[in-house]
1. Quick one: compute a quarter of the convex hull surface over the Cα atoms of the stretch 37-175 and quote it in nm².
2. How would you rank 156-163, 96-103, 25-32, highest first, on the average number of other Cβ atoms within 10 Å across their residues?
3. Provide the per residue accessible area, probe 1.4 Å, for the stretch 43-96, rounded to a whole number of square angstrom.
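The values are calculated or read from the model by the stated rules, or taken from the named source; none is laboratory data. As the structure is a computational prediction, the values presented were derived from the model and not from experiment. All Cβ positions, glycine included, derive from the backbone under ideal geometry; neighbour counts span all protein chains shown. For accessibility, only protein heavy atoms count, side chains too; no ligands or nucleic acids. Shrake-Rupley method; radii C 1.70, N 1.55, O 1.52, S 1.80 Å.
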Amino acid sequence: YYEFRELTPAGQDGDEMIRILSDRLVTVDLLEQAAELLDHQVKFRLRGEKKADVGAKLAVVYLLNQEPKEALRAIRMSRYPRVDAAIAGERRHLEARSLAEIQRRSEARKVLEGDASEAAEQMRADVYWQAKEWSSAAQHIEGLLERSLRDNELLPSERFQVMRLAVALALAKDRRGLD
């Protein structure tokens, strides 16, 4: 790409081509190269909601590459106040994940305040799990499982959550919950 950069179409078509190229780089685990392309777009080429959206994709790449500080930087440098609710939710979850991974768990929980989505509840459970706050982790895992337990049918991912719930309850020494 860098050797023939001048052949990249101008404007939105070129930006879209670069995003597709970065997606392909991610699929073959060339995360640093993908991040470099997206970072350039966020810093110099995009504005507004598109910048916020690509900033979220950049944060994902950094998290995949185990660089949570860079992910947090990407989220913060691509802020835009008027984004679509779905993009805002994704950005909030990425910011919380980044904060949790750099041991700033109370800030991560604060970012998730008021978010009642399933993804936010999963994130809260993960944050409490990382902090070894077993009772709180169990409470949030149980909240995730409420719908499934009512239906008496568990998907494989939900079975994993049941196991996590049992471990959290055991570590919290909650005999009643285990029963």
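1. For the stretch 37-175, averaging the hull's shadow over all directions gives 9.3 nm².
2. Top of the packing list down: 96-103, 25-32, 156-163.
3. Counting only protein heavy atoms, the per-residue value for the stretch 43-96 is 53 Å².
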